[in-house]
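S.K.: Dropping the structure in here first, questions after.
The values are calculated or read from the model by the stated rules, or taken from the named source; none is laboratory data. Treat the numbers as computed from the prediction; the structure is a model and nothing was measured. Because the Cβ atoms are built from the backbone with ideal geometry, glycine has one as well, and the counts that use them run over all protein chains shown. In case anyone asks, the SASA skips ligands and DNA or RNA and just uses the protein heavy atoms, side chains included. Shrake-Rupley method; radii C 1.70, N 1.55, O 1.52, S 1.80 Å.
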Amino acid sequence: MFSSMFKPVGKTLPGHPSFYSGAVAGNPVVFGTSGVGKTNAAHAATVLMEKFSPACVVNFGIGGAYPSSGLKVGDIAVAEKEVYADEGVLLKNGLHSFEITGIPLLKVSGRKYFNEFPADKRLSRLALKIAGATAPRKSGVFLTVSACTGTRKRAGELAVKFAPICENMEGAAVAHICRIYGVPFVEIRGISNIVEDRNTKKWDIELAAENCQKAVFHFLEALGS
């Protein structure tokens with residue numbers, strides 16, 4: 001949907017995917033792909049900030065829903081906050097966040113950020129409302145992981161610790177960069193699979209991506225109205 005509506009602006013930095021520019025509901029929009037993982041996502045978000053100075057950032061893609069969330073394949077999830085779920089200090093009693101060290105990942109205006117980065121409340125409420133026209137939707141905690149969760153046992157452990165609805169591999173890094181630059185952040189994901197014992201035959205990446213793109217496009221339309 002987006003690639004057919006936008007024109008490439010060329011390589012912004014060597015080795016990085018191209019960005020595309022266009023407009024939705026009269027508002028200028030820059031669209032780009034980060035690739036998989038936190039480093040790629042942080043790189044793309046930083047280039048976006050430095051080259052295009054966005055008024056807000058919409059991070060979107062597919063993700064896995066935790067069984068306790070009640071979400072199903074094809075549904076839409078909207079982040080209330082992003083959490084670096086597997087970074088911190090590993091002790092005998094389990095993994096602890098960076099807060100145990102007293103060293104924040106970021107400090108802005110006197111506020112310390114350890115593993116959690118909130119999404120913009122106003123934008124997230126709007127995204128949740130708009131997504132209802134596309135598919136069943138829910139908002140909640142998103143986890144960013146370095147390794148996809150591929151067992152029901154691990155999914156249960158994360159559910160107990162964080163009460164999340166969705167996991168992905170990029171969101172916290174994008175939210176982190178947005179907080180550094182003081183740019184509002186919202187995250188919308190289509191559910192491609194349930195986080196359980198890995199069985200890709202149960203996945204539907206195409207449906208998740210299609211529904212996510214629709215939800216994001218309608219969200220951008222609402223921002224322009």
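S.K.: Residues being in contact with a Leu (Cβ under 8 Å, 6 or more places away or on another chain) and of a type outside the set (S, T, N, Q): count how many of those fall in segment 146-160. Please lay out each step first, then the result.
M.R.: Filtering segment 146-160 for residues in contact with a Leu (Cβ under 8 Å, 6 or more places away or on another chain) gives 149, 158.
Now restrict to residues that are of a type outside the set (S, T, N, Q): 158.
Here the count works out to 1.
S.K.: Thr101 fails exactly one of the following numbered conditions: (1) closer than 19 Å to Ala173 by Cα; (2) free of Cβ contacts under 8 Å to residues at least 60 places away in the same chain. What is the number of that condition?
M.R.: It fails just one condition, (1).
S.K.: Now for a different question. Name the single residue, out of those in segment 169-225 being of a type in the set (Gly, Ala, Ser) and more than 24 Å from Ala147 (Cα to Cα), that is farthest from the chain's Cα centre (by Cα). Show your work before the answer.
M.R.: We begin by selecting, within segment 169-225, every residue of a type in the set (Gly, Ala, Ser); these are 171-173, 175, 182, 190, 192, 208-209, 215, 222, 224-225.
Narrowing further to those that are more than 24 Å from Ala147 (Cα to Cα): 182, 215, 222, 224-225.
Values: Gly182: 17, Ala215: 14, Ala222: 20, Gly224: 22, Ser225: 24 Å.
The extreme case among them is Ser225.
S.K.: State which residue is nearest to Ile177 (Cα to Cα) when the search covers only segment 47-96 and only residues that are open to solvent by 30 Å² or more (accessible area, probe 1.4 Å) and of a type in the set (Val, Ile, Thr).
M.R.: For segment 47-96, the residue satisfying everything is Val58.
S.K.: Now for a separate question. Just to be sure I understand the filter: pairs with C-beta atoms under 7 Å, separated by 6 or more residues or on different chains, first member in segment 122-141 and in contact (Cβ under 8 Å) with a residue 60 or more places away in the chain and under 13 Å from Phe217 (Cα atoms), second member open to solvent by less than 40 Å² (accessible area, probe 1.4 Å) and of a type in the set (Val, Ile, Thr). Which pairs pass?
M.R.: Ala127/Val78; Ala127/Val186; Ala127/Ile188; Ala131/Ile76; Ala131/Val78; Ala131/Ile188; Thr134/Ile76
S.K.: Scan segment 196-213 and tell me whether some residue there is closer than 21 Å to Ala85 by Cα, free of Cβ contacts under 8 Å to residues at least 60 places away in the same chain and of a type in the set (Lys, Arg). Reasoning before the result, please.
M.R.: Here is the first cut: in segment 196-213, the ones closer than 21 Å to Ala85 by Cα are 196-198.
From the residues that got through so far, the ones that are free of Cβ contacts under 8 Å to residues at least 60 places away in the same chain too are 197-198.
Subset that is of a type in the set (Lys, Arg): 198.
Yes, because at least one residue in segment 196-213 is closer than 21 Å to Ala85 by Cα, free of Cβ contacts under 8 Å to residues at least 60 places away in the same chain and of a type in the set (Lys, Arg).
S.K.: Taking the stated definitions as given, is Gly171 among the small types (Gly, Ala, Ser) and at pLDDT below 95?
M.R.: no
S.K.: Give the residues of segment 97-106 that are loosely packed, with under 14 Cβ neighbours inside 10 Å and either modelled with pLDDT under 90 or assigned to a loop (DSSP other than H, G, I, E, B) (or both), sorted by residue number.
M.R.: Ile100, Thr101, Gly102, Ile103, listed by residue number.
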